[in-house]
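One structure is given below, encoded as C-alpha cells.
Just so it is clear, none of the values below were taken in a lab; they were calculated from the coordinates. Everything numeric here is computed off the predicted structure, so don't read it as measured data. Methodologically, a virtual Cβ is constructed for each residue, glycine included, from the backbone with ideal geometry; neighbour enumeration extends over all protein chains shown.
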Amino acid sequence: MTDAETVARAIDGDEVAQRVLYEAHYAAAFRLAYLLLRDACDAEEVVQDAFVYVFRNLRRYDSGRGSFWAWLRVVLVSRCRNKRRRRRLPLISLEILDAADASPADPQPASDPAGALEMRGVQRAVWEALQQVSPGARDALILRYYEGLPYAEIAAVLGCSADAARARVAHGKAQLRRLLTAPEGEVTCWRDGRLLLPSQGGGAEG
Amino acid sequence: MSEIHPREIDLARFGDGEASTGIAEHLHWCAHCRSVVADYRWLQGEIAATLALAADAVPVPRPKWLAVQGHLFARQRRQIAGWRASALVSVMLVVCLMLSAPNLLVLCQASFDRFVVTTSVVSVVRQVTKVATASRQKLEAVTVPAPATAVVSGERMASMATPTPAISCEEAGPLPTPAFVLPPTPLVPET
C-alpha cells in the first residue's frame, strides 16, 4: 500500500491506516523535532501534539500540494517554534523554587547529544556553535542541510519568502563561521581553511 | 576585474551554489575570497554530517499510538458530551418555561397568529392597490392623448395646443342675463 493510499484510507477514518502513517513517520518527526528543540522530552511531546493535530485535520490535507510528510513537517516545525517561544517564558511555581533551594539544579541538560555522541572534534565544535546561532537561522540551516530542502520548501515551512529563507541560511552560515573563527572562541579557531581545536594544541582537524 | 571584495553573505550564498557571474569573476584572481568560499563549502558538509550524526545518535522513544488515539477519542467524547449537555439544557429551559408561565405559550401562539393575520391582510390590501393603480394607468394611457410638443430653441418644449385667448375687461361683452333672477328682497322696516 502506497503512502497516498494509506492517507486516503486514513482520511476515510480507517484507524489502521492512521496507525500505519503514525509509525511510518514517527522516527523522522522525532529526530527533526529533536534537532530543532535540542530536548528529547520536548521533542516527544511536540511530535505527539503534531500527530494529534494532523489526524484531527486530515480532511484539510491536499495531496496535490505535497506529500503527507511535507504537511506533517510544516505542522511539526510550527509546533516546535511555538514550544521554543513558550520555553523562553517559563512558568515556575513557588514549590519548585523552594525545591531548587533545597537541592542543587542539574547542571547538565536531560539529553546532551555532544556528550552522548562520539562526535569528532570538528563536529562537536560545529554542534556547539550551532546552539549559539539565532533560532530562525538555525531552523533554516536544519531544514536545508538535514532535511535537504530547496529554498522554496524552506520558505513554505517557515512561512517566509524564498529570498528570506536563502538569507537566513546564508546568515546562519556566516554566524557559524564567525563563531568558529573567533580568536577568543571557547570552541575552536580557524586557520588556513581548517578548524583547529584549542584543546588539541593546534592539531589540524577535519 | 573588481578590487572590491564581495560581502561575506554573498560569498556564503555563492558557496551554496547560487550563481553570480560577478563573484565568479572576482574569485578568479582573489585568493582570499576563494578561501572564504572554500570554507563555506567545507562548513556545509560539516553541518550536514553533524546534524545527521546528532539525529541518528539520539534514541528514538517508542511510538505511543494509544496516547494519540486517546487524545483523538477524548476530543470526540468532549464534543458528544457538549452536544448532549446543550440539548439537555434546552429541554430543561422549555420545561421550566412551561411550568413557571403556562400562559406564556398561549400568549405567544396568539400573538403569532395575530401577526400572521395582520401581515396577510396587509399584503392583500397592497396587492389590490397595486392592481387598481396599474389598471387606472392603462385606462388613462388609452383615453387621454398626450399633448403634442415641439422643440423650441433646442432646449425647451413648447405646447402645440390651441392657446387660450386673452380676454380683457373692455373687450368682454355684457354678462348674459340669467333666465331667472331673484328680485331683491325689500327692506322691511322693523316695527
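Miscellaneous remarks
- Candidates B:101, B:81 - the one that is farther than 25 Å from residue A:18 by Cα and aliphatic (A, V, I, L, M): B:101
- Count of segment B:3-24 residues, restricted to those that are facing another protein chain (nearest Cβ under 9 Å) and either part of a helix (DSSP H, G or I) or of a type in the set (Phe, Trp, Tyr) (or both), is 7.
- Filter result (outside any helix (DSSP H, G or I) and either over 20 Å from residue A:70 (Cβ atoms) or without any contact (Cβ under 8 Å) to a residue 60 or more places away in the chain (or both)) within segment A:136-158: A:148, A:149, A:150
- Candidates B:43, B:27 - the one that is outside any loop (DSSP other than H, G, I, E, B) and closer than 22 Å to residue A:142 by Cβ: B:43
- Only residues that are within 11 Å of chain B (Cβ to nearest Cβ) and under 15 Å from the mean Cα position of the chain (by Cα) were counted in segment A:42-75, giving 5.
- Candidates B:54, B:85, B:49, B:31, filtered to the one that is under 30 Å from residue A:42 (Cβ atoms) and surrounded by fewer than 18 Cβ atoms within 10 Å (Cβ to Cβ): B:49
- Search result, residues across segment A:1-55 that are over 24 Å from residue A:141 (Cα atoms) and hydroxyl-bearing (Ser, Thr, Tyr): A:2, A:6, A:22, A:53
- Screening residue B:83 on (1) at the interface with chain A (Cβ under 10 Å from one of its Cβ atoms); (2) assigned to a helix (DSSP H, G or I); (3) within 30 Å of residue A:54 (Cβ to Cβ); (4) hydrophobic (A, V, I, L, M, F, W, C) shows it passes everything except condition (1).
- Scanning segment A:142-181 for residues that are acidic (Asp, Glu) and away from every other protein chain (no Cβ under 11 Å) returns a single hit, A:153.
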